[in-house]
Amino acid sequence: MKKMKIAIIGQGRSGRNIHGRFFKSTDNDFCEVVCIVESDEERKAKAALEFGCDTLSDYTELYDRKDIDLVVNASYSQMHYEITKNLLKHGFNVLSEKPFGRSYYECMDLVHTAKQNNVVVAAFHQSLYSPAFLNVKDIIASGKIGDVIQINLKYSGFARRWDWQTLQSCCAGGVYNTGPHPIGQALDLLGWDKNTKVAFSSLKTILTSGDSDDYGKIILTTPGKPAVDIEVISADAFASDYVFKIFGTKGTLISTNQDYKLKYIEDFSQYPERPVIRKSLSDDSGNPVYCSEKLNFIEEQNKISGSSFDVAVKKFYQMMYNSIFYGEALDITPEHAAQVIGIIEACHAENPLPIRFD
């Protein structure tokens, strides 16, 4: 099997600990890192030892190379757009870390630039391949919980941050950093419907030392489809109860990234429709009672194997491999990533936060 030759820009948490970790793992037998770009001399020296490959200080030094099939842009968030565009114009296939851009315009500009130069561009929305999310989709498709009426996604916790990813000037904050995961998953469950709108959003700065959001509440609506409630909150000490909560006409699914529980009515035909009674209900003794009935639920629960940082990463790179070498269409398109940024952009437009740091 021909190996896909990779260059990684950046050796931060994403470039080294997510992408680099996969490339060095036993799960990877189809990608080879041939170059690392890192301006920090200490990190660059460490990368040379860990990957045994060429190292460069500036991504523009890649321009003359002909041995690279894919450049992974894991630079700082505010640099994603400019670096990706320049690489596309120089004929490179590029996988950009999230966020794909600062605005829908920037994202679509990258889409058009890739088409003009006959190369592939994508954003690393690997959580769309996470085992927990794929399990959610499978259960919905099974019909066990009936028609979906509401979707809740919670990517929250209780923690303070004080790094560059708390600054608006760095295209950062909770909704730009973490938000692409639940927003992308929400849009996927809605079929990437372009009629999806932000019905409500609230962004606040609560615990962070920076000037961007660490509280994000977003409600999406789509005509004829379930409402979606998204939370990206850094002040939720009880966030671990679920990541996904799906309400259906026959039951409910609740799932973390490690396990899930399902409670549903298998056959509603055993419960004939009840005619409306206009008067107060009474028991056999004539005493008033609450309107209720006993329902026999089926309950399921199980563990989930794999995560967004192993199984999902491999699936994503397999998709990139098939696109670059065999011309297959991307399952997770750059247009999808642009739609995610369009939602984030709308939320920030509705909730301008004061800029305190240049």
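When the label point is put 7 Å from the Cα of ASN322 along its Cα-to-beta-carbon vector, which residues of region 1-22 have a backbone N closer than 18 Å?
Inside the label zone: 1-4.
For GLU293 and MET1, compute 0.36 nm times the residue count separating them, minus their Cα-Cα distance, and round to one decimal in nm.
Values: separation 292, 0.36 × 292 = 105.12 nm, distance 6.06 nm.
Length gained between GLU293 and MET1: 99.1 nm.
Could you calculate the FRET efficiency of LEU281 with SER39 from 1/(1 + (r/R0)^6), where r is the beta carbon distance between them and R0 is 56 Å, rounded to 0.05?
0.15
Lysines near LYS66 by alpha-carbon distance under 30 Å, same-chain residues fewer than 8 away left out - which ones?
Of all the lysines, those that pass the test against LYS66 - Cα under 30 Å, at least 8 places apart if same chain - are LYS2, LYS3, LYS5, LYS24, LYS44, LYS46, LYS85, LYS89, LYS98, LYS115, LYS314, LYS315.
What is the set of long-range amide H partners of SER307 at a cut-off below 5 Å, with H atoms built 1.01 Å from backbone N?
ALA312
With point charges of +1 on the Cβ of Lys and Arg and -1 on the Cβ of Asp and Glu, referenced to the Cα centre of the chain, which listed residue (PRO275, GLN165, PRO131) lies farthest in the positive direction of the dipole?
The residue sitting most towards the positive pole is PRO275.
Please work out whether region 56-121 counts as rounded, prolate or oblate from its C-alpha gyration tensor, where a ≥ b ≥ c are the square roots of the eigenvalues and a/c under 1.5 means rounded, while otherwise a/b larger than b/c means prolate and anything else oblate?
The shape class here is oblate.
If each of THR249 and THR221 carries a label point 7 Å out from its Cα toward its Cβ, how far apart are those two points in nm?
If labels sit at THR249 and THR221, their model points lie 2.1 nm apart.
How far is helix 180-189 tilted, in degrees, relative to the longest principal axis of the Cα atoms in the chain, given as a value from 0 to 90 rounded to the nearest 10?
The angle comes out at about 50 degrees.
Given the rule -39500 (n - 2.57) for each run of at least 4 DSSP H residues, summed and divided by the residues of the chain, what is its mean residue ellipticity at 222 nm, to the nearest 500 deg cm²/dmol?
Numbers: 9 runs with 97 residues, N = 358.
Taking each H run of at least 4 residues, the total per residue is -8000 deg cm²/dmol.
If you keep only loop residues by DSSP, which GluC sites (Glu not before Pro) in region 235-318 have at most 14 other Cβ atoms within 10 Å of their Cβ?
Values: sites: GLU266, GLU273, GLU293, GLU299, GLU300; in loops: GLU266, GLU273, GLU293.
Loop-located and lightly packed - GLU266, GLU273, GLU293.
Please give the FRET efficiency for ASP29 paired with TYR105, using the beta carbon to beta carbon distance and R0 = 51 Å, rounded to the nearest 0.05.
Working: r = 39 Å, r/R0 = 0.76.
It comes to 0.85.
If each residue of separation counts as 0.36 nm, what is the full-extension length gain between GLU350 and ASP67 once their alpha-carbon separation is subtracted? Provide the component values of the computation, followed by the final result.
Numbers: separation 283, 0.36 × 283 = 101.88 nm, distance 4.51 nm.
Gain on stretching GLU350 to ASP67: 97.4 nm.
So which chymotrypsin sites (Phe, Trp or Tyr not before Pro) in region 159-259 end up in coil per DSSP with only 16 or fewer other C-beta atoms within 10 Å? Don't skip to the end; give the middle numbers.
Working: sites: TRP162, TRP164, TYR176, TRP192, PHE200, TYR215, PHE238, TYR242, PHE244, PHE247; in loops: TRP162, TRP192, PHE238, TYR242.
Passing both the DSSP loop test and the Cβ count: TRP162, TRP192, PHE238.
If I model a spin label as a point 7 Å beyond the Cα along the Cα-Cβ vector, how far apart are those points for ALA48 and LYS194 in nm?
Here the modelled spin labels are 5.0 nm apart.
Which residue, chosen from TYR321, TYR260, VAL311, occupies the Cα position most advanced towards the positive end of the dipole of region 227-358, where the dipole is computed from +1 (Lys, Arg) and -1 (Asp, Glu) charges on Cβ about the Cα centre?
Result: TYR260, furthest along the dipole toward the positive end.
Straight-line reach from LYS144: which lysines fall under 24 Å, measuring Cα to Cα and dropping same-chain residues less than 8 apart?
The qualifying lysines are LYS154, LYS225, LYS245, LYS250, LYS261, LYS263, LYS294, LYS303.
For the chain, take the longest principal axis of its alpha carbons; what is the angle in degrees between that and the long axis of helix 311-326, to the nearest 10 within 0 to 90?
For helix 311-326, the angle is close to 60 degrees.
Could I have the simple spin-label model distance between ARG274 and THR333, label points 7 Å from Cα toward Cβ, reported in nm to one decimal?
Computed distance between label sites ARG274 and THR333 equals 4.7 nm.
Looking at the square roots a ≥ b ≥ c of the eigenvalues of the Cα gyration tensor of region 60-184, which shape do they give, rounded for a/c under 1.5, prolate if a/b is larger than b/c, or oblate?
Details: a/c = 2.51, a/b = 1.52, b/c = 1.65.
It comes out oblate by the Cα gyration axes.
Under a point-charge model restricted to the Cβ atoms of Lys and Arg (+1) and Asp and Glu (-1), what is the dipole moment magnitude of the chain relative to its Cα centre, in debye to the nearest 20?
Approximately 300 debye in magnitude.
Just to confirm the number: angle between the C-alpha axis of helix 41-51 and the first principal axis of the chain, 0 to 90 degrees, nearest 10?
80 degrees
Where a number appears in this text, it was derived from the coordinates with a stated rule and is not lab data. Since the model is a prediction, treat every value here as computed from it, not as a measurement. Here Cβ is always computed from backbone atoms with ideal geometry, including for glycine, and neighbour counts include all displayed protein chains.
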